[in-house]
1. Please report, ordered by residue number, the helices (runs of 4 or more DSSP H) entirely within the range B:105-183 with at least 1 residues that are closer than 19 Å to B:Arg38 by Cβ, touching a strand residue (DSSP E or B) at 6+ places or on another chain (Cβ under 7 Å) and of a type in the set (A, V, I, L, M).
2. Residues in the range B:55-95 that are among the hydroxyl-bearing types (Ser, Thr, Tyr), more than 19 Å from B:Ala21 (Cα to Cα) and not in a helix (DSSP H, G or I): how many?
3. A:Val126 versus (1) in contact with a Phe, Trp or Tyr (Cβ under 6 Å, 6 or more places away or on another chain); (2) on the phi > 0 side of the Ramachandran plot: which is the lone unmet condition?
4. Among the residues of the range B:34-52, which ones are more than 13 Å from chain A (Cβ to nearest Cβ) and either within 27 Å of A:Met53 (Cα to Cα) or open to solvent by 50 Å² or more (accessible area, probe 1.4 Å) (or both)?
5. Could you list, in sequence order, the residues of the range B:153-168 that are surrounded by 14 or more Cβ atoms within 10 Å (Cβ to Cβ) and out of contact with any Asp or Glu (no Cβ under 7 Å at 6 or more places or on another chain)?
6. For the range B:64-95, which residues satisfy the criterion of being of a type in the set (Gly, Ala, Ser) and either within 14 Å of chain A (Cβ to nearest Cβ) or touching a Gly at 6+ places or on another chain (Cβ under 8 Å) (or both)?
7. Please go through (1) of a type in the set (A, V, I, L, M, F, W, C); (2) farther than 30 Å from A:Ala148 by Cα; (3) more than 10 Å from chain B (Cβ to nearest Cβ) for A:Ala61 and return the number of the only condition it doesn't satisfy.
8. Which one is farthest from B:Ile162 (Cα to Cα) among residues in the range B:95-123 that are open to solvent by 40 Å² or more (accessible area, probe 1.4 Å) and within 16 Å of the chain's Cα centre (by Cα)?
Number of protein chains: 2
Amino acid sequence: MSTKEIELFFDVGSPYSYLAATRIEALGARVGRPVRWRPFLLGGVFKATGNTMPAAVAAKARYMMADLARWAASYDVPLRFPSRFPLNTLRTQRALVAAGRSSGPEAIGPFALALFHAYWADDRDVSSDEVIADVAAACGLDGAAILAEAGDPACKEELKRITDEAIERGAFGAPSIFDGDDLYFGNDRLGLLEERLRA
Amino acid sequence: MSTKEIELFFDVGSPYSYLAATRIEALGARVGRPVRWRPFLLGGVFKATGNTMPAAVAAKARYMMADLARWAASYDVPLRFPSRFPLNTLRTQRALVAAGRSSGPEAIGPFALALFHAYWADDRDVSSDEVIADVAAACGLDGAAILAEAGDPACKEELKRITDEAIERGAFGAPSIFDGDDLYFGNDRLGLLEERLRA
């Protein structure tokens, strides 16, 4: 790992991961830092840390809908709350790892953004093989090859390893953004991160 | 309630309430809105909503220390994590309500800021009558009268009523900031709030 990278640990099923994902490349460009996209499994993070999703408290869940709409308006990105939520993103996150394994790490970011858009703007079931292959194809990737790779034990193991690494480094939710050892949790910390990187 | 007010529901025991409190008057001045300071009891909000303090998850608690230090640096305000935490702020919050009852609502903001500073910068026990009276005096208020008023059943009832009102309107934590019916939760939503109020 180069210390100059910004690492974004994300899960396609997380709305605040989506929001951060739409901004992270522009932020990296402004401060002259490359972004390393790191798909992990948020469910595994919650299980290991005893954390819960914000939607677990009823009043928080209601507020989250307004909050997400405000961020989307502020960022000028589409956001329609998915009809399937929460989604089991195990297959999705494995497919993202698979894309990195078969096409190189630079394939992960564009594929992730396309999956985020499919789920958070177009309400598609990004846990299904059909949608994963379709979105992969739209990104110029080989959907069938990615799905085959996603089922490989080595790929499954890599997703688990990335998730464990994030937990080990202090993550308890998504998105978790690292500047070296320093964790910034949440889309709402991008401002503080940029302030730090400019300092 | 005038619809032009920004209402800040806060608890002196909450670090993100402290951070928001240091910025809210300047924000209000920038957008031409008066601020209404509304002391409530965060413990009561947690109990009613089933929410928990962020520090309840170990990894979150560790992160919170770094996060608070970053915000304090960004805002250029002092912040030393108190040796007594969490603090039972029932007496403190009642004293704030009492100040409003005996000296008028405009007394609450300056008194709150002084109590926040005593706890979050000077590590003083702001749940003790001695410190409450001392801080009140430094704000030009009558400490003995405020403590007497804080013990009055009507004052206790008013704190309970403010807390219930916040819960009724959707609050689940602190600070809870309202622009009319619209809740903004957390110091980290001041940016979105200001964006909205300028629009």
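The values are calculated or read from the model by the stated rules, or taken from the named source; none is laboratory data. Quick caveat: nothing in here was measured; it's all calculated off a predicted structure. Cβ: placed from backbone, ideal geometry, glycine included. Neighbour counts: every protein chain shown. Accessible surface areas use protein heavy atoms only, side chains included; no ligands, DNA or RNA. Shrake-Rupley method; radii C 1.70, N 1.55, O 1.52, S 1.80 Å.
1. On the way: elements: B:108-120, B:129-138, B:143-150, B:153-168.
Helices (runs of 4 or more DSSP H) meeting the threshold: B:108-120, B:153-168.
2. The qualifying residues number 1.
3. (2) is the only condition that A:Val126 fails.
4. So in the range B:34-52, the residues more than 13 Å from chain A (Cβ to nearest Cβ) come out as B:34-44.
Result: B:Pro34, B:Arg36, B:Phe40, B:Leu41, B:Leu42, B:Gly43, B:Gly44.
5. Once the filter is applied, which keeps residues that are surrounded by 14 or more Cβ atoms within 10 Å (Cβ to Cβ) and out of contact with any Asp or Glu (no Cβ under 7 Å at 6 or more places or on another chain), the range B:153-168 yields B:Lys156, B:Glu158, B:Leu159, B:Lys160, B:Ile162, B:Thr163, B:Asp164, B:Glu165, B:Ala166, B:Ile167.
6. Within the range B:64-95, the first condition is being of a type in the set (Gly, Ala, Ser), and the residues that meet it are B:66, B:69, B:72-74, B:83, B:95.
Result: B:Ala66, B:Ala69, B:Ala72, B:Ala73, B:Ser74.
7. Looking at each condition in turn, A:Ala61 falls short on (3).
8. Once the filter is applied, the top-ranked residue is B:His117.
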